[in-house]
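Below is one structure; the comments refer to it alone.
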Amino acid sequence: MSDSEFALSLRPAQRWTIMGAVILASTLYSTTLLIASTLLPQMQGTMAATADEIAWAMTFNILATAVVTPMTGWFVGRFGRRGVMMGSMLGFTIATWMCGASDSLFALVFWRIVQGGMGAPLVPLSNAILLDSFPVSQRGMVSSVFGMAVVIGPVIGPTLGGFLAQEYSWRYAFYMLVPVGAAAYGALHLILPKDPPAARVRLDWTGFLTFAVAISGVQLVLSRGQRLDWYESQEITVETAIAAVAFFMFLAHSLTAARPFLNLKMLLDPNYALGLVLVTIYGMLNFTPVVLLPSLLQQYAGFPDQIIGEILGARGAGATIGFFLAMFAGRTDPRVGMVIGFSLQVVSGLWLMSLDLNVDMMTLALNSVLQGIAVGIFWVPLTLATFPTLDTRLMPEGMALFHLMRNIGSSFFISVCVAEIVRAQGSNYSRLTEVLTPYNKTLSLPWAMGAWTMDTQSGLAQLSKEINRQAAMIGYVNAFGFYTATSAGAILLIVMAKRRQRTLAA
């Protein structure tokens, strides 16, 4: 694939300034993806809301992101890249300020919807602009720097947001992003070149609405399934049925329409199709430890919030190392880098499965560094292998679907892991308590019970608390087992794809 005319028309200084501006914008948005997770308890108290009500601040933000992300291609065709980037950045910054200023649950949820919707085009469009602004020979380096921003943002957000919420208020976790958003908007206004005149693009409303309903149904099922006991709930059953029907209608319409909302012909590109599968797996693995570890360490291992933030921060340091290494590995076969990245995730998963509740901070920090290195090494070859043969006219649309699949993978796998933790904790608590009876002769031995006692009510309460901790740890180990098995399965997928390509070549 030859260098694009747009890349050749830019001077080196222009390319680097464009990189700085769009990376600042995408990093700012990715910072908010998980920031609300650390703020929910404080926001719940301020809004006098139930746990289920305050969870809508997370759920609807994810829904808005999922619905608007595929519209990036249409937005670009209608308003141009410059217009979409600047409009999204301005709307996102205003919505972020209003999130912090919200004085009611309705206002908070509304502005979280606006924040997710306005910010959704920033990451895929930033990625597309960077790939088009640099020659092919430099795209490995560009993907490394951009991937670092996408990965480090969700690590910075909960860490810094949790600190500000603890020292001041949850509102300051949103307020801190506003000056950065204003700076990013100013940089985009000064640096992004104007778009050439383009024909007016019509929106395929049938395709958009059916796709939006399908994605919304899937996200609602994933977000609320665990709290509502999955298909024991009529709501989850109805949402699943609506999502299935809407997705079938979307496929039928997209395959027959002259100009569909999403051009499914992109899937005929084997590199792009395989890239979608792998980025879904990447999304499944990327944020899972970031979401699971804080609850494990805080509730069951007794780690303070500051230490948990430092452990997550070590993941960002590892990602920086991984992306730096990926710059040098960009000249090799992309499949080699992807196999190395997934292999490191297998190692980190096996390491997590071997831990117990007496783990020390250094062990967890080193494991987080290893996870970060794996993510950094994997992202660059994945991007390089996915888009080299995709038509440049489809790049914004293809990039939007690429990042949408990453988000869906994250939501799905986190829901599965949380469900397994809850299931395993309940079942193992029951099994462990079965042997703690006065009729168990083993417990009468002097060394069997140690400091634990069943003779007093306080002793039974302490023993029950410890059994609950150990049962929960079994659930987390099972979740880390899912993480490890998925990483190993991705390696097999890449190896099989390599063999298939060799066979076709022969």
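The values are calculated or read from the model by the stated rules, or taken from the named source; none is laboratory data. Keep in mind that this is a model prediction, so the values were computed, not measured. Cβ atoms come from the backbone with ideal geometry, glycine included; neighbour counts cover every protein chain shown.
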Going by the conditions given, is THR237 in a helix (DSSP H, G or I), under 22 Å from GLY73 (Cα atoms) and either modelled with pLDDT of 85 or more or in contact with a Leu (Cβ under 8 Å, 6 or more places away or on another chain) (or both)?
no
Would you mind stating whether LEU190 is aliphatic (A, V, I, L, M), over 22 Å from the mean Cα position of the chain (by Cα), modelled with pLDDT under 75 and surrounded by fewer than 21 Cβ atoms within 10 Å (Cβ to Cβ)?
no
How many of the residues making up segment 106-124 are farther than 13 Å from THR59 by Cβ, assigned to a helix (DSSP H, G or I) and of a type in the set (A, V, I, L, M)?
5
Any residue in segment 243-254 that is farther than 24 Å from VAL221 by Cα and without any contact (Cβ under 8 Å) to a residue 24 or more places away in the chain?
no
Screening MET362, MET395, MET399 for residues that are at pLDDT 85 or above and assigned to a helix (DSSP H, G or I) leaves only MET362
Unmet criterion (only one of (1) assigned to a helix (DSSP H, G or I); (2) within 22 Å of VAL418 (Cα to Cα)) for PHE248
(2)
Out of ILE321, ILE340, ILE311, sole residue that is in a helix (DSSP H, G or I) and over 22 Å from ILE491 (Cβ atoms):
ILE311
List every residue pair whose Cβ atoms lie under 8 Å apart, where the two residues are 6 or more positions apart in sequence or sit on different chains, the first residue falls within segment 414-442 and is not assigned by TED's automatic domain parsing to the domain that holds PHE287 and assigned to a helix (DSSP H, G or I), and the second residue, located anywhere, is modelled with pLDDT under 75 and surrounded by fewer than 19 Cβ atoms within 10 Å (Cβ to Cβ).
THR442/ALA448
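Looking only at residues that are in a helix (DSSP H, G or I) and under 19 Å from GLY409 (Cα atoms) in segment 221-234, which one is modelled with the highest pLDDT?
Residue satisfying both the conditions and the ranking: VAL221.
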Qualifying residue in segment 200-211 (condition: under 22 Å from the mean Cα position of the chain (by Cα) and modelled with pLDDT of 80 or more)
yes
